[in-house]
Amino acid sequence: MENLRGATAPNSRIRISAKVKTFVLDTNVLLHDPQSIFKFEENNLAIPVEVLEELDSIKGEQSTERGRNARRVHRILQELLPDSRSMHEGVELPNGGTLSVIINPYLIDPARTSPAMIRLRSILPDLSKKDNRIIAAALFVQEQFPPPTILVTKDVNVQLKARAVGLESEDYLNDKVPEADEEASYGEIGLSIYDLQRFCSEGAYEIEDSIAKSLYTNEYVLLRSDEGKTMPARYYGDGIVRRLKLPDFVKAPGGIPVRARNLEQQFFMDALLDDSINMLTCFGKAGTGKTLLSIGCALHQTHDDQSRYDGVSISRPVMALGKDIGFLPGTLEEKMKPWLQPYYDALEVLIPSKPPKEPQFAAKKVSKKKHKKRDEQFFAQMTAPQASHASHHNGHGSATMVKPYERLLKTGQVEIEALAFIRGRSIARRFFILDEAQQLTPHEVKTVITRISEGSKIVLIGDPAQIDNPYVDSRSNGLVYCHNRMKGQAIAAHVKLVKGERSRLAELAADLL
C-alpha cells in the first residue's frame, strides 16, 4: 500500500476488507451535496487533489449556489484534515468510514508507469483535462487498494470514460428517490351507489381501514360506483375522504373567469385554493395548465382586502434551452422577463388588454351584474393612457397603452424573484410560485422552501421529463425529491396533470415528439 507521495504507509487508516469499498468523489458530487462526505457509511472515501483545484476555482463565485457549496466543502475538509499528516494518512469519519486526499504519483513522475496508466494514456491521452486527471487518480487508487474502487460522479460523460478504461463508475444516489412504476395521476375507490349518494349529500365518507392504509394525507382520489357514477375527493387522513372545495370559477381583478377543464385540474385548483396546504408540488407535461391555473388561483386569492396573501411572487431557475444569448441589460425585472415570459403570457390571458366579448368567457348570470361595474372600473384604470409620457413620444400626442398586468407588477401585487438572491430572505404573506422546479437540485429546493414564512404558500411546478440541468435527472431533481420527502404531511399536497389543454397540436407534440 502507498500513501499520497507513493511511499509505503504502514500506518494508513484506509480500511481493507472484503465488505468495504473505496469511493473516489468527483467535484460535482461535492458541489451537489457538501454533506456527501458523511453519507458513504463504513467505506473508504478518496478525494483527488484535482478536485481541490476545481473547488478553489469555483469558491470565488459569490452569488451562486456552486460558490457557496465549494466554500462549505473547504470548511468541512479543513475541520476533518487539519494538518499534512492527516491528509497523507487519512482520517476516520464519524460514520465509521475513512477520508483521504489522493495525489497520483504517475502524473508527478511521467517515467513511472503501470498497466492501468498505459491503458489510460492510450484511450484518454490528454491528461491536461481535469476530468481525465481525476479518472487517472481513481485508477491509481484501484491499483493500490484491494477493495472495489468506484468513481462517483454526476457527469454522465465522465462515467462513460471511466468505464472505458476499466474503472467502475456510478452516479451519486443518496438523494435519488427510489425507482418506482409510473405514478398514476390519482387512485380510485369503489363504493356502492348508496354510499356515493351519501357522500354527495354529506360531503364526507369514512373508508375501510384496508383502503386507508394505502393512501397518504391529502392524496386525491376518484370515488366510483358499480354503475359508473364518479365523484372526486381528497383523503384527509384518519379514514376520511371529503368533497373538493371548488368555486364556479376563479378570476383575477378585471380578468376573465377560469374553470378547471378536467379531473386533474379540479384536484390542482382544490389544492391551490386551500389555505391549509402550505406547499404544493405539481407534475405535468407542456400544455397541461400548470402555469395558467397557478397564477389564476393566486391572483384570485390576493386581489381583495380580506385576502390572506399580500401578493404573488414568481420565480424560476435561469436555465436556457440550447445556447443562451449572453448577459441581459436592465433592472432585475427586465433581466428576468425573458425567463418568466410564460407567466406574462398567462397574465395576458387572464387579464386581457381588451375586455372579452360576451358570452365566450362569461360567468353565470347571477354573478355578471355583481362583477360588471368593478371590472369596467378596473379596465378603465389599467388601460388609462399615460399622457405625460405620450407627449414626449416622438413629438406626437398619441397615448401609449399600459397592459393591465404591468400595473400589478408596478404596485408589487406580482413580484419577480431571482433565486440567486433568495438566501437569507423571509417571505411572508406571499403566494410563491416556483416554475421549472425540476431543474433545481434538492439542496436548492430546500433553500427556497426554508425561506417561506407563516402565512405564505409555495407551489412548485414542472415536468420531470424535461430536464436541462446536466447534474440532476428524473429521480434526483429537486421537484421529485421534494414530493417524495414531503408526501403525507398535513400541510403538503401533490397533483399530477396529464391531459394537455393548450391545443390539440400541443397535446400531440407533447405525446409524440
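Which loop-located trypsin sites (Lys or Arg not before Pro) does the range 256-318 contain, where loop means any DSSP state but H, G, I, E or B and the Cβ has at most 13 other Cβ atoms within 10 Å? Here the trypsin sites (Lys or Arg not before Pro) that fit, given the DSSP loop and packing criteria, are 261, 308.
Using all pairs of distinct alpha-carbon atoms, the Kirkwood hydrodynamic radius of the range 22-170 works out to 15.6 angstrom.
By other beta-carbon atoms within 10 Å, ranking 291, 447, 411 with the fewest at the front produces 411, 447, 291.
Would you please classify the overall shape of the range 187-243 from the alpha carbon gyration tensor, given that a ≥ b ≥ c denote the square roots of the eigenvalues, rounded means a/c under 1.5, and beyond that prolate means a/b larger than b/c while oblate covers the rest? Since a/c reaches 1.5 and a/b is larger than b/c, the shape of the range 187-243 is classed as prolate.
Each of 58, 76, 193, 295 has some number of other Cβ atoms within 10 Å of its Cβ, and from fewest to most they run 193, 76, 58, 295. Annotation for the range 274-296 versus the range 400-439: alpha-carbon center distance of 16 Å.
Starting from the Cα gyration tensor of the range 44-119, take the square roots of the eigenvalues, sort them a ≥ b ≥ c, and report rounded, prolate or oblate (rounded when a/c is under 1.5, otherwise prolate if a/b is larger than b/c, else oblate). Verdict is oblate for the range 44-119. Near residue 113, within a Cβ-to-Cβ distance under 13 Å, what is the net charge of the other residues, with Lys and Arg +1 and Asp and Glu -1? Neighbourhood net charge equals +1. Other residues within the sphere of radius under 10 Å centred on the Cβ of residue 481, judged by their own Cβ, net out at +3 (K and R +1, D and E -1). Beyond 27 Å in Cα-Cα separation lie the following of the pairs 39/290; 251/403; 229/487; 161/496; 285/337: 39/290; 229/487; 161/496.
Each Lys or Arg adds one and each Asp or Glu takes one away; over the other residues whose Cβ falls under 15 Å from the Cβ of residue 426, this sums to +2. State whether the range 391-513 is rounded, prolate or oblate according to the following rule on the C-alpha gyration tensor (a ≥ b ≥ c being the square roots of its eigenvalues): a/c under 1.5 gives rounded; otherwise a/b larger than b/c gives prolate, and the remaining case gives oblate. Judged from the Cα gyration tensor, the range 391-513 comes out oblate (a/c at least 1.5, b/c at or above a/b).
No lab work stands behind these numbers, since they all come straight from the coordinates. What you see is a predicted model, and the numbers here were worked out from it, not measured in a lab. All Cβ positions, glycine included, derive from the backbone under ideal geometry; neighbour counts span all protein chains shown.
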